[in-house]
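What follows is a short report on a single structure.
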Amino acid sequence: MQDPVFVRNAFRDIAGRYVLTNHVLSLGIDVLWRNKVAKMVASRDPKRVLDIATGSGDLAETIREKCPDAHVVGGDFCQPMMAHARKRGLPDLIVADGMNLPFADGAFDAVTVGFGLRNMASYPDAAAEMARVLAPGGKLYVLDFSLPRFAPLRAAYRFYLHKIMPAIGGVITGKRGAYDYLSGSIEKFPSGQEMVGLLTENGFRVARGEQLSFGIAAIYDAEK
Ligand SMILES: C[S@@+](CC[C@H](N)C(=O)[O-])C[C@H]1O[C@@H](n2cnc3c(N)ncnc32)[C@H](O)[C@@H]1O
């Protein structure tokens, strides 16, 4: 549950260095996570895909590579982030707020959201809105950070999140506050059964989650 004005401004301020900072902070593992989501999407051969909170278009581009026959639309509410998606040559980009999507009911076979739901003003309302634009039987894929369950690893990861990541992100982008926000948002974001419950209570018939990289990230897929 985040303040949309703060979130939009934070991404506007780091847009120029977002991709670089991501790869540095995750040591490139974020690329593998997006690949995994794209393979899951491709396994169902969707024809119409929405990547909401597409930002610089990293996930949308990976999905286009894995689903060459699909029409992939990228939507985001921060234009400076989408300027980078445009530079990649993503053909179908639209300014769109995940809380109020400018699409008809049932317009997509798959919706993806990578590191985006965590930034939205209401997780239940955003999930319900994503369900609305999915056709019956369509799938939502949520990729986001999580906290490892194994206590020693969790403690080490928290140290990284609160001390190291904001320092490095601050040096690369000059906007340490955006990375302090990131750490805080990861702490508050529902994971595991809590996220599965959130999805099944807000428009999805079934949902399941899978931990990635010892639980520092997770993928949830949910069927309408
Ligand atoms: C961390 S970036 C993720 C970008 C990309 N999906 C990726 O995998 O790297 C989060 C993006 O979510 C967008 N965002 C946050 N809240 C949003 C909302 N309510 N509607 C649309 N986009 C939103 C931000 O503008 C930002 O571009």
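The values are calculated or read from the model by the stated rules, or taken from the named source; none is laboratory data. Remember, it's a predicted structure, so these values are computed and weren't measured experimentally. No Cβ is skipped: glycine too gets one built from the backbone with ideal geometry, and neighbour counts run over all protein chains shown.
Summary of computed values
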item	result
Filtered residues of the stretch 119-136 (kept if among the small types (Gly, Ala, Ser) and either within 23 Å of THR62 (Cα to Cα) or buried (at least 23 other Cβ atoms within 10 Å of the Cβ) (or both))	ALA126, ALA127, ALA131, ALA135
Residue check, SER56 more than 13 Å from the chain's Cα centre (by Cα), closer than 30 Å to ARG158 by Cβ and free of Cβ contacts under 8 Å to residues at least 60 places away in the same chain	no
Matching option when the condition is at pLDDT 95 or above and either among the hydrophobic types (A, V, I, L, M, F, W, C) or not in a strand (DSSP E or B) (or both), among PRO124, PRO136	PRO124
Number of the condition not met by PRO148 [criteria: (1) without any contact (Cβ under 8 Å) to a residue 60 or more places away in the chain; (2) out of contact with any Pro (no Cβ under 7 Å at 6 or more places or on another chain); (3) of a type outside the set (Ser, Thr, Tyr)]	(1)
Contacts under 6 angstrom Cβ, first residue in the stretch 210-224 being in contact (Cβ under 8 Å) with a residue 24 or more places away in the chain and closer than 20 Å to GLY137 by Cβ, partner assigned to a strand (DSSP E or B) and acidic (Asp, Glu), 6 or more apart	ILE219/GLU210
Subset of the stretch 178-222 that is in contact with a strand residue (DSSP E or B) (Cβ under 8 Å, 6 or more places away or on another chain) and among the hydroxyl-bearing types (Ser, Thr, Tyr) - its residue that is nearest to the ligand (Cβ to nearest atom)	TYR220
GLY177 vs. criteria under 21 Å from TRP33 (Cβ atoms) and surrounded by 13 or more Cβ atoms within 10 Å (Cβ to Cβ)	no
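Residues are listed down the side, and each one gets a yes or a no for (1) of a type in the set (Phe, Trp, Tyr); (2) within 15 Å of the ligand (Cβ to nearest atom):
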| residue | (1), (2) |
| --- | --- |
| TYR123 | yes, yes |
| ASP144 | no, yes |
| ALA151 | no, no |
| ARG158 | no, no |
| VAL171 | no, no |
| ARG176 | no, no |
